[in-house]
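Would you mind keeping the following structure in view while I ask a few things?
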Amino acid sequence: MNSTIGAKILMALTGFILVGFVVQHMVMNLQLFAGPEALNSYAYNLKHALGGGLVWGGRAFLLLCIVTHIAAAMRLSGRNKAARPSRYAYKLDTQVTSYAAKFMLGTGIVTLLFLIYHLLHFTGGVVQPEHFHVVDAEGRHDVWRMVVTSFKDPVTAITYVVANIALAFHLSHSVTSMFATLGLQSGRYRPMLDKVGPAIATVVLLGNVAMALSVVTGLVHI
Ligand code: HEM
């Protein structure tokens with residue numbers, strides 16, 4: 001198989017898994033609105049399922065997907081550059097493609113930087129450790145309090161909002177190109193499939209931004 005096509009397929013498949021994670025992560029985090037008991041017991045059960053095996057297996061699998069996704073993107077971007085002659089036969093077309101590629105690279109890098117910050121924040125407790133080391137009355141990690149006290153800081157809330165806008169642009173475009181790579185973007189279903197990426201991106205953006213903004217505006221409070 002042509003290695004460019006191989007890289008595109010790997011990117012589409014890992015992208016599909018990562019989109020699935022982002023959607024379920026947002027939906028589960030909406031339990032923030034249901035209060036501490038709901039979010040903390042969900043986080044506790046997840047962490048202790050299969051003796052911790054589910055969460056560690058999931059982390060290893062996600063990491064593999066992220067690394068593969070980035071490696072495939074680097075390979076494709078290297079190939080595109082090498083294949084691009086100095087003078088374009090169809091200038092407009094190639095310009096549009098390269099703007100889209102640069103845009104995807106830019107939003108992808110912002111998402112990656114956000115993810116590193118986010119893991120240091122809510123998973124590692126390296127950022128704002130004073131909000132991380134909190135337990136509820138049951139002795140469980142108080143994930144609800146950690147998130148609410150973190151988002152009370154407007155700079156943190158705005159950082160999450162900005163990163164999620166970049167993620168939404170990335171998702172909106174990438175889901176559409178994923179369908180194209182998998183050969184699903186032709187024929188009479190195309191107008192419908194073209195709406196899937198923007199729809200997923202909008203739902204994820206609204207859910208994630210709602211959490212940050214509802215805390216910073218005092219709608220959700222301790
Ligand atoms: C407002 C938006 C978000 C909130 C409130 C949020 C909340 C959280 C919390 C509380 C944890 C730690 C869970 C725990 O230790 O029990 C976590 C972990 C994580 N989040 Fe988010 N998150 C948000 C957005 C995102 C986004 C946009 C991404 C992906 C780009 C993401 C990716 C992850 C990953 C990969 C983990 C590590 C999961 C693990 O511990 O294995 N999150 N998030």
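The values are calculated or read from the model by the stated rules, or taken from the named source; none is laboratory data. All figures in this text were calculated on a predicted structure; none of them were measured in a lab. Cβ sites come from the backbone with ideal geometry, for glycine too, and all protein chains shown count toward neighbours.
Looking at segment 41-53 only, could you name the residues that are closer than 17 Å to VAL147 by Cα and over 22 Å from the mean Cα position of the chain (by Cα)?
Correct list: SER41, TYR44.
Any residue in segment 2-12 that is surrounded by fewer than 17 Cβ atoms within 10 Å (Cβ to Cβ), within 14 Å of the ligand (Cβ to nearest atom) and either modelled with pLDDT under 95 or of a type in the set (A, V, I, L, M, F, W, C) (or both)?
There is no residue in segment 2-12 that is surrounded by fewer than 17 Cβ atoms within 10 Å (Cβ to Cβ), within 14 Å of the ligand (Cβ to nearest atom) and either modelled with pLDDT under 95 or of a type in the set (A, V, I, L, M, F, W, C) (or both).
Sticking with this structure for a sec: Return the residue satisfying two criteria in turn: it lies in segment 199-216 and is under 23 Å from LYS102 (Cα atoms) and crowded, with 16+ Cβ neighbours inside 10 Å, and of such residues it is nearest to the ligand (Cβ to nearest atom).
In this case the residue turns out to be VAL204.
Any chance you could count how many residues in segment 118-148 are away from the ligand (no atom under 12 Å from the Cβ) and either part of a helix (DSSP H, G or I) or loosely packed, with under 13 Cβ neighbours inside 10 Å (or both)?
Looking only at that region, the number is 8.
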